[in-house]
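Presented below is the structure to which this report refers.
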Amino acid sequence: MAMYRNSSGTYSYFSAPPEEVLTRAIQACPFAAGRCWEWGVNRDLIALFGSREHVAFDELVERYVDMLARRRGGSPEKPNEFNHRRAGNLIGWGLRLNLLEEATTCHGTRAWRLVDREMRWDIHRGRARQIRGLPNGEQAIMNRKLQTQRKRAATFAKKYAAKIAGDIRRYIDQILQEDPETVLDERFADFITPWFTPPQALHEAYGILVVAHHDWDKAKQELWQTLLAREYQRAKYRGIVRPRVPLPETMLDGDAAALDNLI
């Protein structure tokens, strides 16, 4: 199928209309990239479906570009032939990996159903690995491996939490010293939930936030430590640019004497 890219950055497939491009991509699964491809397909399908039971053929591309826009924090692109191909490729791989099932809407339109709303793939040692939806014997073996890995990870996380506890408390103390009125915004939402909802004054959350990391995995602890370090630098800047309230000027002796005479 011929393809060209024009000056606007969009792609055109001039051998078929968009709907046919979509159908062909579903059938052919035309591309895959990277050692974590299956994990990415799994993640994107869960995001694509959201809480929907089915996604129909005629709404697929629109939902796909909306999903990309949410992830990038921008506005949805206008659906084009390239997005038809990418959306079809995603559905095709979902069927090939048994993450989707064919379905039909009440109007008789072709649709798909998400088999599992939990991830069936993870990333292990830089490569996608299936951890759920395996045949019974293989699933039992994988479950034992995952249990062993969880125990090992919990041990590492506990040791790491004790190691950085002093740094966490020190960062929070330094932030409050530089800017006692520090407020935690949406950047902190994943770390202060379920106790608090942004915006949240840091000094009011102090008691919980100096110890909360003890319940997190190592990766989340590292992100928390980095976020606090950055907030400390931001607090130092706020301390520098904060307007200074001038102190009352000392009354001169002559003025004080004049005031006494008036009284």
Tally, over the range 166-208, of residues that are in a helix (DSSP H, G or I) and of a type outside the set (S, T, Y): 25
Residue match in the range 80-98 (condition: of a type in the set (D, E), more than 24 Å from the chain's Cα centre (by Cα), part of a helix (DSSP H, G or I) and outside the structural domain of I192 (by TED's automatic domain parsing)): yes
Single residue of the range 38-57 satisfying the filter (under 21 Å from H84 (Cβ atoms) and of a type in the set (G, A, S)) that is nearest to the chain's Cα centre (by Cα): A47
Sole exception among (1) buried (at least 20 other Cβ atoms within 10 Å of the Cβ); (2) modelled with pLDDT under 95; (3) of a type outside the set (S, T, N, Q) for K78, by number: (1)
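To keep it simple, each residue is scored yes or no on (1) over 30 Å from L97 (Cβ atoms); (2) touching a Lys or Arg at 6+ places or on another chain (Cβ under 6 Å); (3) surrounded by 11 or more Cβ atoms within 10 Å (Cβ to Cβ).
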{"residue": "D116", "(1), (2), (3)": "no, no, yes"}
{"residue": "L134", "(1), (2), (3)": "no, no, yes"}
{"residue": "T148", "(1), (2), (3)": "no, no, no"}
{"residue": "D173", "(1), (2), (3)": "yes, no, yes"}
{"residue": "E178", "(1), (2), (3)": "yes, yes, yes"}
{"residue": "F188", "(1), (2), (3)": "yes, no, yes"}
Any chance E222 is touching a helix residue (DSSP H, G or I) at 6+ places or on another chain (Cβ under 9 Å), of a type in the set (D, E, K, R) and more than 30 Å from W121 (Cα to Cα): no
Scan of the range 22-36 for residues that are surrounded by fewer than 18 Cβ atoms within 10 Å (Cβ to Cβ) and in contact with a Phe, Trp or Tyr (Cβ under 8 Å, 6 or more places away or on another chain), ordered by number: A32
Selection count where residues are basic (K, R), under 26 Å from the mean Cα position of the chain (by Cα) and assigned to a strand (DSSP E or B), scope the range 99-124: 1
Cβ-Cβ under 6 Å pairs, at least 6 apart or on other chains, the range 232-252 side closer than 26 Å to V183 by Cα and among the small types (G, A, S), far side modelled with pLDDT of 55 or more and not in a helix (DSSP H, G or I): A235/D179; A235/T182; G239/D179
Check on A201, more than 23 Å from V241 (Cβ to Cβ) and hydrophobic (A, V, I, L, M, F, W, C): no
Single unsatisfied condition, T155 versus (1) more than 27 Å from Q221 (Cα to Cα); (2) modelled with pLDDT of 95 or more: (1)
Selection status of R127, free of Cβ contacts under 8 Å to residues at least 24 places away in the same chain and surrounded by fewer than 15 Cβ atoms within 10 Å (Cβ to Cβ): no
Any hit, the range 195-218, residues being in contact (Cβ under 8 Å) with a residue 60 or more places away in the chain and surrounded by 12 or more Cβ atoms within 10 Å (Cβ to Cβ): yes
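The values are calculated or read from the model by the stated rules, or taken from the named source; none is laboratory data. On a predicted model such as this, the values are computed, not experimentally measured, just so you know. In this analysis, Cβ positions are derived from the backbone assuming ideal geometry, glycine residues included, and neighbour counts consider all displayed protein chains.
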